[in-house]
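**Q** The following block contains the structure, expressed as structure tokens.
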Amino acid sequence: MVLGGIGSAIVVFFETAGVAPSGSSSAPMERSSRGRPVGSETVVKMIYYVYLLRSQRDGKYYIGHSENIKRRLAEHNSGRVKATRYRRPFVVVGYEAHQSRDDARWRETEVKRSAHKRYTFIENCNKSRRGSVVEQGTHKP
């Protein structure tokens, strides 16, 4: 699975092909100025990321989650995040993509809580230098 870019959203349009809106039996579907059927539902599915940052000042790591890594990195580097304010600047080392915010939060907590999982997460991010995609979250409430 290949995702757009960091912080992108997947937009899916659902329509019933060739079916006229209710109330008109044989008329062609009415289309908007963008060519989409009028009355069709638009579902926006966000991708959430668990990311790994490395401080260029002290070489230490920071793990967090966000739906937009570029914006979040800018917040860290501008000093708007209290936890990382005095360790600026940061670079993105790697990230994992998750289907839901709950899955990303769960994974972040799991990585921060377990030394072994944290070590594995950091090693995987350092090896790949690219994000790894998680097809479906594995958190169990």
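The values are calculated or read from the model by the stated rules, or taken from the named source; none is laboratory data. All figures in this text were calculated on a predicted structure; none of them were measured in a lab. For neighbour counting, all protein chains shown are included, and Cβ atoms are generated from backbone atoms with ideal geometry for every residue, glycine included.
**Q** Within region 104-131, how many residues are at pLDDT below 95 and closer than 18 Å to Met46 by Cβ?
**A** Total meeting the criteria: 1.
**Q** Which pairs have Cβ atoms under 6 Å, sit 6 or more apart or on different chains, and link a residue in region 116-128 that is farther than 12 Å from Val92 by Cα to one that is in a helix (DSSP H, G or I)?
**A** If the second residue must be in a helix (DSSP H, G or I), the pairs left are Lys117/Glu110; Lys117/Val111; Arg118/Val111; Phe121/Val111.
**Q** On to the next question. Here are some conditions: (1) at pLDDT 65 or above; (2) crowded, with 16+ Cβ neighbours inside 10 Å; (3) closer than 27 Å to Ser128 by Cα. Ala74 meets all but one. Which one does it not meet?
**A** (2)
**Q** Can you find a residue that is touching a Ser or Thr at 6+ places or on another chain (Cβ under 8 Å) and either on the phi > 0 side of the Ramachandran plot or at pLDDT 95 or above (or both) anywhere in region 32-48?
**A** Taking every residue of region 32-48 in turn, at least one turns out to be touching a Ser or Thr at 6+ places or on another chain (Cβ under 8 Å) and either on the phi > 0 side of the Ramachandran plot or at pLDDT 95 or above (or both).
**Q** Name every residue in region 82-123 that is of a type in the set (Val, Ile, Thr) and assigned to a strand (DSSP E or B), in order of residue number.
**A** Across region 82-123, the qualifying residues are Val91, Val92, Val93.
**Q** Mind checking which pairs have a first residue in region 54-81 that is assigned to a loop (DSSP other than H, G, I, E, B) and a second that is of a type in the set (Val, Ile, Thr), Cβ under 9 Å, 6 or more apart or different chains?
**A** Gln56/Val91; Glu67/Ile47; Asn68/Ile6
**Q** So, one more: Can you tell me which residues in region 41-71 are surrounded by 14 or more Cβ atoms within 10 Å (Cβ to Cβ) and of a type in the set (Asp, Glu)?
**A** Listed by number, the list holds a single entry, Glu67.
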